[in-house]
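Notes follow the structure.
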Amino acid sequence: MRLALLTVLALALAVPAGWAAARPAGSLSIEDGRGTVVLRGKGIVIGKLERGEVQIVDLSPLDQWSPRVNGVPRGRTVWTRGKEINFYVPGGRYRITVRGEGFSISARGQGNAAMTGKPDVTGVTGTYAVGDAAPAPLPAITGSADFGAPPFVGAVIGTKAVQP
């Protein structure tokens, strides 16, 4: 009986650890952004916007997570505009579009960000960093950045990619 209990306990601890190792989480940080950012991914996102608009689409609405705007839980799709907007996605899959000035976004998990900076009079668009990389300016022409594990395209066996 004890052996069975120890085996179940070992599996219960090993499976989540193995899953986490198979899909490592990454991070994306945007500071003092100006322009437009579209984030698609899975994980946690925290952000604030000084002035502009935010649209959040919960791509996994049947899970336990729901987006929050200014501390209030919202439904599957949220769109708001104004000043001093705070938003939080505690988990699940999402698509977030932020347009405006003075936004900061911190994402942890896996995903992609399409970014278009809008320079102010001094040419500043804000900065972004993936993981521990040095911050770079938001591109004035649409650019993108992946964070976390790349999307699954196929398993690699030797030097050949096998499509699912």
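Structure values in brief
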item	result
Hz values of 3J(HN,Hα) by residue in region 118-126 - Karplus curve (6.51, -1.76, 1.60), Gly and Pro given as x	10, x, 7, 5, 9, x, 7, 10, x
Label-to-label distance, nm, for residues given as Asp146 and Ala133 (7 Å Cα→Cβ offset)	1.1 nm
Order of Lys83, Lys42, Lys118 under a 10 Å beta carbon neighbour criterion, fewest first	Lys83, Lys118, Lys42
Sequence of Thr142, Thr122 once ranked by neighbouring C-beta atoms within 10 Å, starting from the fewest	Thr122, Thr142
Amide H within-cut-off set for Ala140, under 5 Å, with H built and near neighbours excluded	Gly117
Distance (nanometres) between label positions extended 7 Å along Cα→Cβ at Ser27 and Thr80	2.6 nm
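Coordinate-derived values only; no laboratory data. These numbers come from a predicted model, not from an experiment. With ideal geometry, Cβ positions are generated from the backbone for all residues, glycine too; neighbour counts draw on all protein chains shown.
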